[in-house]
Structures are given as structure tokens and as C-alpha cells.
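For reference, the structure is listed below as C-alpha cells.
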Amino acid sequence: MSSKRRAAGHAGAGPIEAGGSIAVTVHEQDSGRVVVNAAISLYRRGSADCAGFEPANWLADPAMLVGVRWTDGGGGTVFSQLPPGAYVGVYGNYPTTAPQCVQVQAGCAATLCFQPQLNPQVELVFENSDCQPSDCSYGRVGDRAVATVTFDGDQSVDGRTLVQVLAASPWTPLRGKANMFSTPVRRAGMHRFAAQVMLSQRPEMRSLLPTPEGLTPNAMLAVDAEYDTEERQPTPISGNLGVSLTRTETEPTEDLPLWTLIRNSTEAMSFTNYLHFMDSLFCGDLGSVRGFEEGRFARKADAFQSLKQRRALPFSDADSYRVLKVATEAFVMVNCGVLNQPLAFNLAEDNAYLDRRDIPQGRDLETVLRNDYLENIDGFQTLPYLAVIRRKLPDIPISIPRGQEGEVDVCFGIIQEKLANPCLLELIWSYWHEEGMLVQTMNAIAQRFQNLRAPGSQLDPLANTEIDTLRPLNNLLWGYTQDEQHRLTVMRRNYEYDHHYGVRLDGKAVQHFRPADSRSKFLEAFHHLLRLLTSFYKQDDDTTVKADAFPVLNALKEIHLILSQGASNQFGDLPSTARIEMLMQQWMLARPEFREFLPTRVMVAYPEGWMDRVDAMKKLQGWTDTSVVHFRSLAIFGEQLLLSVRYGNWSDIYEPTQAFNWARFWRPQVQGYIHAYRAVTGVDLSAKAGDPAIEATMPSVLLRQRMNQQLRSV
């Protein structure tokens, strides 16, 4: 609270020399415990004394407000320098307590004592390992202590909780049970349960008592209880004895919801869901939209209709391609924002995933995200990492609110939507698909569609590519070919790959490469993290060892720093543009017309419909014989891992618990990436004795070496 706010008083106050004071104390009536941070407001009465004052009929007049104080750690506060007269004090928190009138004399001190009644009680019980009540009134080592905090009065008004109980560590709340907490009994002796009863401001007082910045609107009442525990006496056991070991325990951390949203959102942006969206949009097949996609389908459809009116192409007879382009942009716009409503949580699947990773679930993920993880910046919530960036720019206003991002060219300021709900995409997805020959396949088809022979080729591998004009693919390829000047060039993508990750393509189309700012240390740091994770997983699987997560934490902090250094210039728009273009390429390659001139292997179970076309093209052209399935795995797993590192608040984390949970949460993706990288480049990042020079070599160089080896073997 500002000094001006604390000194607020009645306009008719007399000289300071003639002033009196009122000392206010707040104690719980039954226990006598002090109430800290309680809001006390003081009003001047129209009369000179308290005669005729009736608490039940008294109404607060904002014009007569003298000031507001909050009780200190001793449960008290003082209103000083008050002119003589009658004053009414009001206790502003729950439970409802009658206002009191007091008369102040010149140079004298008066007192007010509020005694809200809650009668808080702590009940302690003990449960054995089978969750059955203990047969003793005291605890024994190995039991679980359960504390229940009870109090008098209704706890809610209009569905808003007015009383909450927060227990101190190591007590954790029990899911689905209000004000119940538990902790394992690990040693004998005296123990103590301590908690704070949080008393919210009464609804009718919230508008009259605005809470100053830096203070909480909750008053706090401490409750505690002590209990004694004993060692468990050993029980003789005869016969066969089974012994089992469990993995190291961990605890939930606040960033679990972010990782879950990243995982769900990236999966929602998969080609399968993209194909479902296109079918639902153009064919009315709503049955193909599943899970939380049902909530987002309307948002994507609305975005499609909005963009359809604003996107045009400067050439004729390409409306079908224009519609495809607009629909793809709408799909990416909605799915890339992890904080889009509704949030991409799926309760059953998310909890099952955490359970498989041996990560305790704790509270509801959405509640943790809103109340504990996201930070409030300028009136809205954003990721902690972006909140740090915002605090570095305090002089720049947020002058472009949501819905007006098109005004960025005429305004100076920060775009609120990009700060509150960033589009979480990683360009590594596009890089690995391009290394897998997705773009080259479409380029070869577009070139043959224009009746051009590939340079340096005597025999035409695509001689049978004759797409008749009776089917939609013909017109789609016409629009795609005409729009070539508006698509990203391979050189632009190559410069951005190098700017983000220090990796680049290799070939004639990207010669004379002159980068200005390369992330040359990224590949070495990322592969070092993967090797550390391999050792970590071996330790974590050993039930006799507690895995050390400090090396993993340090590696995450290093990669986070490197990635953040490349988040500039084209970082905001090029990844999403590349994603839109490559999704369209995948969709067109999945069209059934391609089966007629690309000899695919029908019996191979490709996960997505476009992939057999790419592998067939590589076979025709004599390109690499490594299946595009492995490149797709690198793209998907690499994007999820790097998003969780880039947008996590790793620079401000020094405890290894988050890194421990991160390693467990992303284990399938880490090990999937390591396997796919070995299949693509021949480098095994999980081997005990690695070669740092080979691991720091760019993938395109390794791919070129394997390609030359393939040609020599033929």
C-alpha cells in the first residue's frame, strides 16, 4: 500500500496535536489465536458519540471512510492522528463479524477488539500401509498421519470458497477431500502439523476494500497440533518372505501442466488430426473429431471463415488451392496456442500418462496451471519465461490488444496475444521433414506437372506422371505451382535452421551459404543432454539408486539459453509459415491420385497417408533409402522436447526436482529421438563411449556420407 493510501483520513480532520488513536486487535474467539492480514476499515460517524449505534442496521458510507489498515503479525493495527469523535470499525474478512463503534478523545487512545468465530480444530488419525486405521492412538514409523482441519460456519457463497486451508510441508492435500492432509511417518519422536486458515474478504466488502498491490485479500489464522510417534516393533516372520523395491519417489511440480499442454497440442497438430479437420470442414464428417478436438473444432472453423474473407491469390482458377491454404492456416493458428480455450487437457489420458511415468499427479493440472504456474502481467496471465522477458521491457506499453494484431504496422508496443498466448512451434519439425525429402518430393512433382525434365537426368523417373483434368488434384497442383513465388525458398529456411539450431541442409540449392548468426553450440549441447538422459534412465530404473538429476538440470539450462538467443528476426512467423506449407504438401501427397504413378508398397504400415509417396519417390530418384518414418519421429519428438526447454523457466530453477520430472515425463520422446537419430545418421547417442566430434557433426553431413556409402555399395 502506498504511503498516501495508508494516511487517508476524513476531510474534516483537526490538527495533529489534538488527534487521538484507535488500536485494533483481531483474535479468533474460541482459540484466542491472532488473525494476520485482516482488513480493518474505519468510518467516521455523523454524531459525536456512539449513542444509538445499532450494528445490525449500520450501513457503510464510502464518503465517511477514514482509512483501511491490515493487521500485522501480532494481529493488531493502529489508526492514529484522529480528530475527536465517534468512529465505526469494520472487520472485512470471513466470517461475518458485527461492526463496532468507539469514541475518540483528544490525545487519548481507544481500543477495538474483533473476535471472529471459527473454532478451528485439528483431528489427527493414523493409517497403516494398507490405508486401514491404526489400532493405536499414536503413530508408528511406516504409518501415514492424516490431519483434518474443521471449523464452524458456511464455507462458500455463490460457489466461491471463502475459507481455504494451506498446510506446511511435508503435508500434502488429499485429492477429493476438503481440508484433509497427509504425510508419511518416517521417524519416531514429536512431530507438528502446521497450517494456515485463509479467510477471504467477504463478498460485500470487496468493492469497498480494494487490496493494494503486493498484499493478499486473505486474512490468515494459524492452526497447529503436535503428535508423538514410536518405532514399529519388528514382528517375527516365518516361511517365505517376498521383498520388492520401488522406483525413487518424486513430487509434482508446477510445470507439469505446461509439458502436458505441449504434448497434447503437438499431437493435436499431427497430420492425422489435420486430415480429420479437413474432412470435417469440407465433407461434414464430424465423427472424425475426437477428444478435446471437439471444443477446438468450432474455433478452427471460425478462424477459417474469418481468414477466407481476407486471403486472396493474385492469379486465376486457383480457388480450391486458396481454400486449402486458408484452412491449413486456421488449423495451425488454433492448435499452436497452448493457452487457447478450451485448454487441451484430457483428464483420463493425462493422468494415465503421468502414472506410467511414475510421476505423482497432485492437484488438477488446470488448477495448478492457472493458480500456481502462470504469472499475472499487465492484467493477464502468461508463461513465466515470457513474464521475465516482459519485465525487461517495462517502458514499452502493451498497446495492441487481442483482436487488433493487424494494427501492428501503425502502433508501437507489444502484441498482447503473442505475450499471453504464444504460438508454440519449433522449426526443427520442418527441418527433419525436409531432410526426409518431403519438400523435394513435392518439388519433383511440381516440376513434372509443368512438363519439365529434372536436370542431369537422361531417363525420366516420373514419365508416367499424367494427372488428368477431371480430378481435383490437377487444379490443386495448378494453384500450388502458381503460388511458388509466395512460398518460402529453401535458402530462407536453411538460414533459419542455422539461426535456430546451427544445422543446415546440404546440396546444390544451398551453396554459397553465408550465415550471420549461427547457434554453433546447440547440436553439441543437445546431444550431450541426450547422453546424460541415457545414464539417468539407467540409474532411475535401478531401485537401489536415487538418480542424480543435477547434470540434466544444468544441460537444460544451457540449451534454454542457446535457444533463447535465436528467438529473434524471423522467429515469430517463419516456423508457422513453414509448417503451413509442409502440411499442405503432406495433404496433397496423401491424395489417392498419386497411387497411379508412384509405385508404393501397400503392405507397409505407414502411420500417415503421405509417407509411402515420399519413400516411393526416393526409390525412383535414387535418393537415400532411409525411410521417412524415422525422419518423422525426429521431427515430432524433437519439437516436443525443444518446446518444453525453450518455454520453460529454466534460467530461474536451481532445484533438480523439475529436471527429474522433466526427464521422466519426456522419456518416450527422448528414447524415440535417440533411436530415430541412429536409424537416420548411424550415430548412436546411447552408446557408453561416444565420439564428441561425430556427435557435433551436422546431420546433413552424416546423411551425405551415408548416401555416398549407399551409392558405393550399389
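Going by the alpha-carbon gyration tensor, a ≥ b ≥ c the square roots of its eigenvalues, is the range 324-402 rounded (a/c under 1.5) or, if a/c is not under 1.5, prolate (a/b greater than b/c) versus oblate?
oblate
Taking 0.36 nm per residue of sequence separation and subtracting the Cα-Cα distance, how much length would be gained by fully extending the chain between Glu593 and Asp319, in nm to one decimal?
96.7 nm
Specify whether the C-alpha gyration tensor of the chain places it in the rounded, prolate or oblate class, a ≥ b ≥ c being the square roots of the eigenvalues: rounded for a/c under 1.5, otherwise prolate if a/b is larger than b/c and oblate if not.
Judged from the Cα gyration tensor, the chain comes out prolate (a/c at least 1.5, a/b above b/c).
Of Lys508/Lys618; Lys325/Lys619; Lys392/Lys521; Lys418/Lys557; Lys546/Lys688, which pairs sit farther than 27 Å apart, going by alpha carbon to alpha carbon?
From the list (Lys508/Lys618; Lys325/Lys619; Lys392/Lys521; Lys418/Lys557; Lys546/Lys688), the Cα-Cα distance tops 27 Å for Lys325/Lys619.
Arranged from highest to lowest average of other beta-carbon atoms within 10 Å per residue, in what order do the peptides 221-228, 373-380, 127-134, 418-425 appear?
So the peptides 221-228, 373-380, 127-134, 418-425, ranked by packing, come out 418-425, 221-228, 373-380, 127-134.
As a test of the formula, what do you get for the chain when each DSSP H run with n ≥ 4 contributes -39,500 (n - 2.57) and the sum is divided by the residue count, at 222 nm and rounded to the nearest 500 deg cm²/dmol?
-11000 deg cm²/dmol
Would you pull out the residues with amide H under 5 Å of Arg232's amide H, same chain only if 5 or more places away, H placed 1.01 Å from N?
Close amide H contacts, sequence-distant or interchain: Val141.
Where in the range 609-634 does the amide nitrogen come within less than 19 Å of the point 7 Å from the Cα of Asp279, taken along Cα to Cβ?
Output list for this probe position: 609-613.
What FRET efficiency do you get for Gln621 and Ala516 if R0 is 51 Å and r is their Cβ-Cβ distance, rounded to the nearest 0.05?
0.95
Would you please give the FRET efficiency between Arg678 and Ala23, computed as 1/(1 + (r/R0)^6) with r the Cβ-Cβ distance and R0 = 60 Å, to the nearest 0.05?
0.20
Pull out the extension gain between Leu124 and Lys688, defined as 0.36 nm times the separation in residues minus the alpha carbon to alpha carbon distance; nm, one decimal.
Residue separation times 0.36 nm, minus the Cα-Cα distance, leaves 197.9 nm.
What is the percent of Cα-Cα separations in the range 3-114 that go past 19 Å?
Taking all Cα-Cα pairs of the range 3-114, the fraction more than 19 Å apart is 41 percent.
Quick one: dipole size for the chain, taken about the Cα centre, charges +1 on Lys/Arg Cβ and -1 on Asp/Glu Cβ, in debye to the nearest 20.
Computed about the Cα centre, the dipole is about 1640 debye.
Specify which residue in the list Met198, Ala463, Leu532 is farthest towards the positive end of the charge dipole of the chain, using unit charges on the beta carbon of Lys, Arg (+1) and Asp, Glu (-1), about the Cα centre.
Ala463
Count the net charge of all other residues whose Cβ sits under 15 Å from the Cβ of Asp652, scoring Lys and Arg as +1 and Asp and Glu as -1.
-1
Evaluate the charge dipole of the range 3-114 about its Cα centre and quote only its size in Debye, nearest 20, assuming +1 on the Cβ of each Lys and Arg and -1 on the Cβ of each Asp and Glu.
Around 360 debye, computed over the range 3-114.
Set the Förster radius R0 to 56 Å, insert the Cβ-Cβ distance between Gln381 and Gln709 as r into 1/(1 + (r/R0)^6), and round the FRET efficiency to 0.05.
0.60
Could you point to the residue in Thr96, Ser320, Asn475 farthest towards the positive end of the chain's charge dipole, with +1 and -1 charges on the Cβ of Lys/Arg and Asp/Glu respectively?
Toward the positive end, the furthest listed residue is Asn475.
Could I have the simple spin-label model distance between Ser535 and Ser576, label points 7 Å from Cα toward Cβ, reported in nm to one decimal?
It is 4.1 nm.
Provide the per-residue ³J(HN,Hα) series for the range 661-671, in order, calculated from phi with Karplus coefficients 6.51, -1.76, 1.60 and θ = phi - 60°, each as a whole number of Hz, with x at glycine and proline positions.
3J(HN,Hα) across the range 661-671, in whole Hz: 5, 4, 5, 5, 4, 9, 4, x, 5, 4, 6.
Laboratory data are not the source of any read-out in this text; all were calculated from the coordinates shown. Predicted, not measured: the structure shown is a model, and the values here were computed from it. For neighbour counting, all protein chains shown are included, and Cβ atoms are generated from backbone atoms with ideal geometry for every residue, glycine included.
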